[in-house]
Amino acid sequence: MSLQRILPVLSLALIVGCSESSNVNVSSDAGQEETPISATGENAAPPIQTVGESTTADPEPTGATPVDKLPTTKEGWLARGLTEEQYYVTQEKGTERHHANEYWDNNRTGKYLCLCCGQTLFDSKTKYKSGTGWPSFFQPDSSESVAEHKDRSFFSVRTEVVCKNCGAHLGHVFDDGPQPTGLRYCMNSAALRFEEAAKSKEE
């Protein structure tokens, strides 16, 4: 075979060989680039944190208002919303008129709270008709509801009932109530705030 015929064949072989080698290298590089980096590897970036962002909402205040957040003067109590009669009853140990107050004949279901601080005092389940003209209960809602003190005013000895949280005057307790306690917590409506229970869908 002459040299003129051999040279074209050799040139073609060289071109094909270089092309195949180039394809292999490119394919290998592409495979390396597509390999994902493990998130758990040593070089994994730390999780992004948003500054100042909170995942939980602040809890809403519940229960009775702390004593240090309550007024200490008559002006402060009136500005808080108490009427003159409510101030007289709760802060000056007064007594409202019988049969002429808000809750003496209230038959709704719910809780009776301290007007001054919101402490839960009595449940409507323990309310009964005493015939006195004042809302009467045979027991407090819990051991943390009320406190009792000796009252020697008006030339007699009685047991005063006050809010255990803020000390607001509520009324008096007597030992002529129904069973199972035999007690009558005779309260002033002016010292109470009624919170009606939510009605069920069946009602």
**Request:** Please indicate, with yes or no, whether at least one residue in region 153-166 is under 17 Å from Tyr128 (Cβ atoms), outside any loop (DSSP other than H, G, I, E, B) and either free of Cβ contacts under 8 Å to residues at least 24 places away in the same chain or touching a Phe, Trp or Tyr at 6+ places or on another chain (Cβ under 9 Å) (or both).
**Result:** yes
**Message:** Looking at region 75-132 only, could you name the residues that are in contact (Cβ under 8 Å) with a residue 40 or more places away in the chain and among the hydrophobic types (A, V, I, L, M, F, W, C)?
**Reply:** Val89, Trp104, Leu113, Cys114, Leu115, Cys116, Cys117, Leu121, Phe122
**Asked** Taking region 140-164 on its own, how many of its residues are among the small types (Gly, Ala, Ser) and under 23 Å from the mean Cα position of the chain (by Cα)?
**Response** 3
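Conditions tested, residue by residue: (1) closer than 24 Å to Ala198 by Cα; (2) modelled with pLDDT of 95 or more; (3) not hydrophobic (A, V, I, L, M, F, W, C).
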| residue | (1), (2), (3) |
| --- | --- |
| Asn107 | yes, yes, yes |
| Gly118 | yes, yes, yes |
| Pro135 | yes, yes, yes |
| Phe138 | yes, yes, no |
| Phe154 | no, no, no |
| Val161 | no, yes, no |
**Message:** So, Ala39, is that one modelled with pLDDT of 95 or more and surrounded by fewer than 18 Cβ atoms within 10 Å (Cβ to Cβ) or not?
**Reply:** no
**Prompt:** Which ones in region 155-203 are within 15 Å of Lys127 (Cα to Cα) and either among the small types (Gly, Ala, Ser) or touching a Pro at 6+ places or on another chain (Cβ under 6 Å) (or both)?
**Reply:** Gly171, Gly177, Gly182, Met187, Ser189, Ala197
**Request:** Name the residue, out of Asn23, Asn101, that is at pLDDT 95 or above, out of contact with any Gly (no Cβ under 6 Å at 6 or more places or on another chain) and polar (S, T, N, Q).
**Result:** Asn101
**Prompt:** Which residues, counting only those in region 74-94, are assigned to a loop (DSSP other than H, G, I, E, B), within 22 Å of Glu195 (Cα to Cα) and not hydrophobic (A, V, I, L, M, F, W, C)?
**Reply:** Gly81, Thr83
**Prompt:** Restricting region 140-152 to residues that are polar (S, T, N, Q) and surrounded by fewer than 19 Cβ atoms within 10 Å (Cβ to Cβ), which is farthest from Lys127 (Cα to Cα)?
**Reply:** Ser143
**Residue check, Phe155 of a type in the set (Phe, Trp, Tyr) and either surrounded by 14 or more Cβ atoms within 10 Å (Cβ to Cβ) or under 19 Å from Val67 (Cβ atoms) (or both)** = no
**Asked** Restricting the search to region 140-152, which residues are of a type in the set (A, V, I, L, M, F, W, C) and within 17 Å of Phe194 (Cβ to Cβ)?
**Response** Val146
**Message:** Could you tell me how many of the residues in region 167-200 are in a strand (DSSP E or B), among the charged types (D, E, K, R) and over 32 Å from the mean Cα position of the chain (by Cα)?
**Reply:** 1
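The values are calculated or read from the model by the stated rules, or taken from the named source; none is laboratory data. Since the structure is predicted, the reported quantities are computational estimates derived from the model, not experimental observations. Every residue, glycine as well, gets a Cβ built from its backbone with ideal geometry; the counts of neighbours run over all protein chains shown.
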